[in-house]
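These notes are about the structure you will find just below.
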Amino acid sequence: MRIEEFVCNLYKSGIETIAGIPDSTLNQFCDYIENNENNLLKTHIVTENEGGAVGIAIGEYLATGRAACVYMQNSGLGNIVNPITSLAHQEVYGIPILFLIGWRGEPGIKDEPQHKFMGRITIGMLELLDIDYSVVDNGTTQQEMDDIFKKAKKCLSCSKQFAIVIKKGTFDKRELCTYRSKQALAREDAIREIVKWMRADDLIVSTTGKISRELYEQMDSIRGNHKQVFLTVGGMGHAKMIAYGIAQRRRSQRVICLDGDGAVLMHMGGLAMIGQHPLSNLVHICLDNEAHESVGGMPTGAAGLDYCKIARDSGYPYVSKVSTKAELSEILSEVRRREELAFIQVKVAIGSRRDLTRPKESPEENKRAFMDMME
Ligand SMILES: Cc1ncc(C[n+]2csc(CCOP(=O)(O)OP(=O)(O)O)c2C)c(N)n1
């Protein structure tokens, strides 16, 4: 399916505002709207999380009487359940919203373990949420697509939500935009520096996406194993609270959270909670490339934000911003010396190696090894 025609259908159905969180299944779509190639789009907002995008869609309807479009990976369904069930559903306010949902973990298609369960329940969840839907793939014809948009329009006009579930490879391949930043430090080099600095009994919780994959590789290559690492393979935005949960029970061990700026933003309230109840053995490191690099590199909804300032104002006693390997190494030594809750914002470039590998063990095996290491 050509992305141009798909987006054209979207505008013809009266959509003027699009909000969401990018996903690799929707790369072609995200790229197209981010660059507003046909100049038809009034508003595109990358939100902090998918629930926020539903909020914008509710606001759009209240202000204009128009439905908005909300796009996301199916893992984002978790973040929209509350604003749908308690606000947008027709038994509450009846707000029309058109969802575009990238289907990871579709049954029968090979995908990562964190996508399997959600992939299997995606359609069931839509049914449970009372959201009508159609599934599309690269075999969907233009005529079928026109019919789906007609069905969607009818649904929206009855104050209901409608979802188009998009399978992997639905959109024809076209050259994707390469997002760049002015930073020179590669994220992987920053991770290597952190791994070299770690001690044998430190614990590390890493965030969703390529940060975890890079950490996994660096641990194996520098330290010979990765048993000190808990990979937050899904549940984007929750790594810092997992690290906090461990740190408060393992006070004699240093716990490091390796976060991404998109993930910090996704559930930023955690910064305030951690800052107000500081743990001296917790080190929170945010690798800030101002982008959702793992899923294509689109800017986050708050690119350029001073995360250090927010951490400081939230109550983190020690904060620092660095952008070179030398600065990072100096600050890591300082953090080790101080023994107090710390936040380090590391400004890194957008990009990753093409041949980056994935964890070889199952999440269950990694969990076991991590827990055994603490015994
Ligand atoms: C709830 C949820 N929404 C969306 C995704 C898809 N996703 C996986 S990684 C990622 C980007 C993470 O961005 P960031 O934390 O800034 O790290 P980066 O990839 O830039 O290193 C996204 C959007 C997800 N896994 N979960």
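Using only Cα atoms, find the angle between the long axis of helix 363-374 and the longest principal axis of the chain, and express it within 0 to 90 degrees, rounded to the nearest 10. Relative to the chain, helix 363-374 is tipped by roughly 20 degrees.
Relative to the longest principal axis of the Cα atoms of the chain, the long axis of helix 50-64 lies at roughly 40 degrees.
Express the Stokes-Einstein translational diffusion coefficient of the chain in µm² s⁻¹, to the nearest whole number, given a Kirkwood radius over alpha-carbon pairs, 4 °C and a viscosity of 1.567 mPa s. Value of D from the Cα-based Kirkwood radius: 60 µm²/s.
Counting other Cβ atoms within 10 Å, keep those with at most 12, restrict to DSSP loop, and tell me which GluC sites (Glu not before Pro) in region 105-202 are left. For GluC sites (Glu not before Pro) across region 105-202 that sit outside H, G, I, E and B with at most 12 neighbouring Cβ atoms in 10 Å, the list reads E175. Projected onto its three principal axes, the C-alpha set of region 108-254 covers 59, 39, 32 Å, listed from the longest axis down. Projecting the Cα positions of L62, A200, F149 onto the charge dipole of the chain (unit charges on Cβ atoms of Lys, Arg, Asp and Glu, taken about the Cα centre) puts A200 furthest along the positive direction. Residues whose amide H comes within less than 5 Å of that of F99, counting only those at least five positions distant or on another chain, are V70, F162, A163, I164 (H built at 1.01 Å from N in the peptide plane). Taking the charge dipole of the chain about its Cα centre, with +1 at Lys and Arg Cβ atoms and -1 at Asp and Glu Cβ atoms, the residue from T178, C30, V7 reaching farthest to the positive side is T178. Rounded to the nearest 0.05, the FRET efficiency derived from the C-beta distance between E127 and S24 at R0 = 30 Å is 0.75. Of the cross-linked pairs K110/K227; K12/K151; K116/K240; K116/K167; K182/K210; K110/K168, those separated by over 18 Å at the C-alpha level are K110/K227; K116/K240; K182/K210.
Charge dipole of region 187-374 (Cα centre as origin; +1 on each Lys and Arg Cβ, -1 on each Asp and Glu Cβ, all else neutral): 340 debye, rounded to the nearest 20. With the Kirkwood sum run over all distinct C-alpha pairs, region 169-325 has a hydrodynamic radius of 16.3 Å. For the chain, the relative contact order comes to 16 percent (Cα pairs under 8 Å, sequence separation of at least 6). Averaged over residues, the count of other Cβ atoms within 10 Å places the peptides 62-69, 225-232 in the sequence 225-232, 62-69, highest first. A P(r) calculated from all alpha carbon pairs of region 67-126, with 10 Å bins opening at zero, reads 22, 48, 23, 7 percent.
Roughly what angle does helix 325-338 make with the longest principal axis of the chain, taking Cα atoms, 0 to 90 degrees, to the nearest 10? Tilt of helix 325-338: around 60 degrees.
Given axes a ≥ b ≥ c from the Cα gyration tensor, I'd like to know whether region 268-375 is rounded (a/c under 1.5), prolate (a/b larger than b/c) or oblate. Oblate, because a/c is 1.5 or more while a/b does not exceed b/c.
What fraction, in whole percent, of alpha-carbon pairs in region 1-54 exceed 17 Å separation? Looking at region 1-54, the distances longer than 17 Å represent 34 percent of pairs. The charge dipole of region 270-375, taken about its Cα centre with unit charges on the Cβ atoms of Lys, Arg (+1), Asp and Glu (-1) only, comes to about 200 debye. According to the square roots a ≥ b ≥ c of the eigenvalues of the Cα gyration tensor, what is the shape class of region 108-179, taking rounded for a/c under 1.5, prolate for a/b larger than b/c otherwise, and oblate for the remainder? Because a/c hits 1.5 or more and a/b fails to exceed b/c, region 108-179 counts as oblate. Note on region 24-133: the alpha carbon radius of gyration divided by the globular reference 2.2 N^0.38 Å gives 1.11. Here the residues T25, T17, ranked from fewest to most Cβ neighbours within 10 Å of their Cβ, fall in the order T17, T25.
Backbone amide hydrogens, once placed in the peptide plane, bring M298 within less than 5 Å of H292, excluding anything fewer than 5 places away on its chain. Magnitude of the charge dipole for the chain, about its Cα centre and with charges confined to Cβ atoms of Lys, Arg (+1) and Asp, Glu (-1), is about 580 debye.
Per residue, the chain reaches -12000 deg cm²/dmol at 222 nm when only DSSP H runs of four or more residues are counted, each adding -39500 (n - 2.57).
Of the trypsin sites (Lys or Arg not before Pro) found in region 334-375, those that fall in a DSSP loop while having at most 14 other beta-carbon atoms within 10 Å are R353, R354, K360.
For M374, M72, the sequence from fewest to most other C-beta atoms within 10 Å is M374, M72.
Any read-out appearing in this document is the output of simple, stated calculations on the displayed coordinates, not a laboratory observation. These figures come from a predicted structure and were not determined experimentally. Positions of Cβ are generated from backbone atoms using ideal geometry, with glycine treated the same way; all protein chains shown enter the neighbour counts.
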